[in-house]
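Engineer: My questions will all concern the structure given below.
The values are calculated or read from the model by the stated rules, or taken from the named source; none is laboratory data. Source: prediction; values computed, not measured. Glycine also receives a Cβ, built like all others from the backbone with ideal geometry; neighbour counts cover every protein chain displayed. Ligands, DNA and RNA are stripped out before the accessible areas are found, and what is left, the full protein with its side chains, is counted by its heavy atoms. Shrake-Rupley method; radii C 1.70, N 1.55, O 1.52, S 1.80 Å.
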Amino acid sequence: MLLFLDIETIPGPIKPDVSEVKVPANYKDEAKIRAYQEEHLEEAWRRQALDSMSGSIICIGYALEDGPVTTFCVEDEAKVVSDFAALVGELQGRYSEPLNWCGWNIATFDLPWLWRKAVKYGLARLRNAIPRDNPYGMIVDLMRVWAADYQDRSSLSKVAAFLGIPHDGGNGSEIHDLWLSGELDAIAAHCRRDIETTRAIWERIYK
């Protein structure tokens, strides 16, 4: 049973202290160091959206094989992950076959984030449903499937354009500003578009 997955992430609720901003090694003057840190503080905060132990999941989207795309999208990470965990439990109860996970860069981003959050919130069923070492090929990371080598990290939008697959989902960097504007519906729509494009690429490769 194939489950297409995508998550959207945002920084944590607390901005880093200005002293935590890393400064290039060639900076020696204290005033210039401080100025650099203050100038790059917002950037450092935004980067938390790439760190599962600093950032938060704001949206989880999924589609089961050729079914509709559904999202869990609220400004409460524990609820988003718990609701998704309940869905996974329901699917496991409904189907005898195990879940196979498919996404773009899913092996090193989406699934590690979800696994760590499942551990954090004590969601054992979700934690156990996420394969850690890809046994039996249960993870289909289409970015890896597409890659020429381990350094080849083509974006979803670039590959979609190459294949002539319509994709107007923008990129993940816009999620931060949508969140600040309170546009959760737009975040959910972005997530759904990414899943639809991912599924279209999967179909082009495997069907």
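Engineer: Just name the residue that is surrounded by the most Cβ atoms within 10 Å (Cβ to Cβ) out of those in the range 13-22 that are within 29 Å of VAL80 (Cα to Cα) and of a type outside the set (D, E, K, R).
Structural biologist: If we take residues in the range 13-22 being within 29 Å of VAL80 (Cα to Cα) and of a type outside the set (D, E, K, R), then PRO16 is surrounded by the most Cβ atoms within 10 Å (Cβ to Cβ).
Engineer: Which residue is farthest from ALA78 (Cα to Cα), if the candidates are limited to the range 116-141 and must be of a type in the set (Lys, Arg) and buried (at least 18 other Cβ atoms within 10 Å of the Cβ)?
Structural biologist: Step one: of the range 116-141, the residues of a type in the set (Lys, Arg) are 116-117, 120, 125, 127, 132.
Checking the rest, the ones that are also buried (at least 18 other Cβ atoms within 10 Å of the Cβ) come to 117, 127.
Working: LYS117: 8, ARG127: 14 Å.
Result: ARG127.
Engineer: If you don't mind, there's one more thing I want to ask. Within the range 41-62, which residues are crowded, with 21+ Cβ neighbours inside 10 Å and either hydrophobic (A, V, I, L, M, F, W, C) or touching a Lys or Arg at 6+ places or on another chain (Cβ under 7 Å) (or both)?
Structural biologist: Matches in the range 41-62: ALA49, ILE57, ILE58, CYS59, ILE60, GLY61.
Engineer: Somewhere in the range 142-156, is a residue surrounded by fewer than 20 Cβ atoms within 10 Å (Cβ to Cβ), in contact with a strand residue (DSSP E or B) (Cβ under 9 Å, 6 or more places away or on another chain) and in a helix (DSSP H, G or I)?
Structural biologist: no
Engineer: Within the range 23-40, track down each residue that is more than 24 Å from ASP177 (Cβ to Cβ) and either touching a residue at least 40 places away in the same chain (Cβ under 8 Å) or open to solvent by 90 Å² or more (accessible area, probe 1.4 Å) (or both). It would help to see each step written out before you state the result.
Structural biologist: So the first thing to find is which residues in the range 23-40 are more than 24 Å from ASP177 (Cβ to Cβ), and the list is 23-35.
Within the range 23-40, ASN26, LYS28, GLU30, LYS32, ARG34 qualify.
Engineer: Moving on to the next point. Does TRP101 satisfy being under 29 Å from LEU178 (Cβ atoms) and touching a residue at least 40 places away in the same chain (Cβ under 8 Å)? Write out each step before concluding.
Structural biologist: Values: under 29 Å from LEU178 (Cβ atoms): yes; touching a residue at least 40 places away in the same chain (Cβ under 8 Å): yes.
Criteria met by TRP101.
Engineer: Still on this structure, please answer the following. For residues in the range 177-197 being more than 13 Å from the chain's Cα centre (by Cα) and open to solvent by less than 60 Å² (accessible area, probe 1.4 Å), which is nearest to TRP104 (Cα to Cα)? Before you say what the answer is, go through the steps one by one.
Structural biologist: We begin by selecting, within the range 177-197, every residue more than 13 Å from the chain's Cα centre (by Cα); these are 177-186, 189, 193, 196-197.
Checking which are open to solvent by less than 60 Å² (accessible area, probe 1.4 Å) leaves us with 178-179, 182, 184, 186, 189, 197.
Details: LEU178: 21, TRP179: 22, GLY182: 26, LEU184: 22, ALA186: 20, ALA189: 17, THR197: 10 Å.
The qualifying residue nearest to TRP104 (Cα to Cα) is THR197.
Engineer: List the number of the failed condition for LYS79; all other conditions in (1) open to solvent by 40 Å² or more (accessible area, probe 1.4 Å); (2) out of contact with any Pro (no Cβ under 9 Å at 6 or more places or on another chain); (3) farther than 15 Å from LYS117 by Cα hold.
Structural biologist: Condition (3) is where LYS79 drops out.
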